[in-house]
Amino acid sequence: MKRLILLFFFITNVSAAQSFITESGNVNFLSKAPLSEFNGASDQLNGLIDLSQNLLDFYVDLNTLDTGIGLRDKHMRDNYLETEKYPFAEFTGKITPIPSLTIGTKSPVTAAGKFKIHGVEREIQVKGTLSKNAKGELELEAGFEVLLSDYKIPLPKLVFYELAENQEVSIKATLKPKK
């Protein structure tokens, strides 16, 4: 019986050590239109990586995106992202291959899954790197592109060059072991 309890404790700890979370990751988008280039960012990316179940889930409240200009932020939220109706962007997927993580070594990974924004969900692939630091945390860096028309996000009609059709999205997060 003692062995069974020890085995259960060991399996539970290994499983818990395979699950990591963040509530303060960074997400950035870059809009490179012909006559205007700007960034938007949020430091409130929430995410989970569960290596034992090969599950990723990341989301950000779009109301936390900041471009540095309040009026532009308001127009982006109200007229294009429609954050009252669609407040979140989310990616859920699986990692291929699941890396064997060595402290300090960045492993290239690809996540395949569903990205949802503005009420539209599409299958995408996201390339990035995953590593483990000396504290046992995961460090994730990844990037992908979002074509606004794919998600039914309109471009401004009057000033067409203020917003690029293609947005470059990057994320960076440190994920702590889930307790």
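Look at (1) at pLDDT below 95; (2) surrounded by fewer than 17 Cβ atoms within 10 Å (Cβ to Cβ); (3) touching a helix residue (DSSP H, G or I) at 6+ places or on another chain (Cβ under 9 Å) and you find that N63 fails only one, number (1).
Scanning region 71-87 turns up no residue that is within 21 Å of E23 (Cβ to Cβ) and either assigned to a strand (DSSP E or B) or open to solvent by 80 Å² or more (accessible area, probe 1.4 Å) (or both). Picking from residues in region 132-179 that are part of a loop (DSSP other than H, G, I, E, B) and of a type in the set (D, E), the one that is modelled with the highest pLDDT is E137. Answer yes or no as to whether N26 is touching a strand residue (DSSP E or B) at 6+ places or on another chain (Cβ under 6 Å) and at pLDDT 85 or above. Yes, satisfied. When T105 is tested against (1) closer than 27 Å to P34 by Cα; (2) assigned to a loop (DSSP other than H, G, I, E, B); (3) modelled with pLDDT of 90 or more, just one condition goes unmet, and that condition is (1).
Just one of the listed residues (N63, N28, N46) is touching a residue at least 24 places away in the same chain (Cβ under 8 Å) and assigned to a helix (DSSP H, G or I), and it is N63. Looking only at region 113-122, residues that are open to solvent by 40 Å² or more (accessible area, probe 1.4 Å) and more than 11 Å from T92 (Cβ to Cβ) come to 2 in all. Residues that are buried (at least 17 other Cβ atoms within 10 Å of the Cβ) and hydroxyl-bearing (S, T, Y) within region 25-51 comprise S31, S42, listed in sequence order.
Looking across region 17-40, the residues that are over 18 Å from E165 (Cα atoms) and not acidic (D, E) come down to A17, Q18, S19, F20, I21, T22, S24, G25, N26, V27. Within the bounds of region 127-150, is there any residue that is open to solvent by less than 20 Å² (accessible area, probe 1.4 Å) and farther than 24 Å from S24 by Cβ? Among the residues of region 127-150, at least one is open to solvent by less than 20 Å² (accessible area, probe 1.4 Å) and farther than 24 Å from S24 by Cβ, which makes the answer yes.
The values are calculated or read from the model by the stated rules, or taken from the named source; none is laboratory data. Treat the numbers as computed from the prediction; the structure is a model and nothing was measured. Positions of Cβ are generated from backbone atoms using ideal geometry, with glycine treated the same way; all protein chains shown enter the neighbour counts. What goes into the accessible areas is simple: the full protein's heavy atoms, side chains included, and nothing from ligands, DNA or RNA. Shrake-Rupley method; radii C 1.70, N 1.55, O 1.52, S 1.80 Å.
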